[in-house]
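Beneath this line is the structure, given in C-alpha cells, with notes to follow.
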Amino acid sequence: MVREAKDQNVPLETCGRARKASRSRDMLSALEGRVVKLEDFIGDLKESLEIVEGHIVELDLGTDELKEHVLVALNANVEEMQVAHCH
C-alpha cells in the first residue's frame, strides 16, 4: 500500500514539472513577443530620427543662407547711409 502511494506521487511530480516547464515556455514566448515589439519600435524611432536630422540639416542651411542675405542687406544700407552722409 505504501508502494502505491509512492507510485501515485511520481506522476504528480512529473505533472508539476511539466506545468512549470509550460509556464516557463509561455513566459519566454511572451518575452520574445515583447522583444520583437521593442525592436520594431526602435526601428521606427531610428527612421524618425533620420528624418528629423535631415530637417535639421535643411534648417541649418536655410539659417546660413538667411544670415548671408541679412548681411548683404545691412551692408547695402550702411553703404547708402555713408553715401548720403557724404553728400
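Nothing in this text is a laboratory measurement; each read-out follows from the coordinates by a stated rule. Treat the numbers as computed from the prediction; the structure is a model and nothing was measured. A quick note on method: Cβ atoms are made from the backbone with ideal geometry, for glycine too, and the neighbour counts reach across all protein chains shown.
Seen from GLU53, the other residues with C-beta closer than 12 Å to its C-beta sum to a net charge of -3, counting Lys and Arg as +1 and Asp and Glu as -1.
How much net charge surrounds ASP40 when only other residues with a Cβ under 14 Å from its Cβ are counted (Lys, Arg +1; Asp, Glu -1)? Write out the running numbers ahead of the final one.
Details: positive: ARG34, LYS37, LYS46; negative: GLU32, GLU39, ASP44, GLU47.
Charge balance near ASP40 sits at -1.
Between ILE56 and ARG19, full extension at 0.36 nm per residue minus the direct alpha carbon distance yields a gain of 7.9 nm. With a sphere of radius 12 Å drawn around the Cβ of ALA30, what net charge do the other residues whose Cβ falls strictly inside it have (Lys, Arg +1; Asp, Glu -1)? Counting the neighbours of ALA30, the net charge comes to +2. Once the Cβ-Cβ distance of VAL36 and THR63 is raised to the sixth power relative to R0 = 35 Å, the FRET efficiency obtained is 0.30. Note that the stretch 80-87 has calculated 3J(HN,Hα) couplings of 4, 5, 5, 5, 5, 5, 6, 8 Hz, one per residue in order, obtained from phi through the Karplus relation 6.51 cos²θ - 1.76 cosθ + 1.60 (θ = phi - 60°); glycine and proline are x.
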